[in-house]
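**Student:** First, the structure itself, so that you have it in front of you.
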Amino acid sequence: MSRKSQHRYRKRPDRRVWVFSELNHDLRPEQIANVLTAAGLEQARLEAEAAHEHERQHTRQDSAGTPEKEVPDA
């Protein structure tokens, strides 16, 4: 018996991307725009979350009395 040359891919729960073995030539510009918008919004959310966490860590250090050293620009 011969195996099919097609691959079947499954998306893991923590992945945001599907991978397919064949191109879908029926994509409309609106679909592409929706995908790009969703990805951009997700990236912005992750960056905002990281910035908030960074700020929270600095606030925690400042309130603990840890002096913050400033490094002069070279």
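Any read-out appearing in this document is the output of simple, stated calculations on the displayed coordinates, not a laboratory observation. For clarity, every value in this text was computed on a predicted model and none was experimentally measured. Cβ placement follows ideal geometry from the backbone for every residue including glycine, while neighbour counts extend to all protein chains displayed.
**Student:** What does the extension gain come out to for Glu55 and Asp14, with contour length at 0.36 nm per residue minus their alpha carbon separation?
**Tutor:** Residue separation times 0.36 nm, minus the Cα-Cα distance, leaves 12.1 nm.
**Student:** Okay, next question. Using a basic spin-label model with each label point 7 Å from the Cα along Cα→Cβ, how many nm lie between Glu30 and Glu47?
**Tutor:** Modelled inter-label distance: 2.8 nm.
**Student:** Testing the spin-label approximation: label points 7 Å from Cα along Cα→Cβ at Leu23 and Ala39. State their distance in nm.
**Tutor:** 1.6
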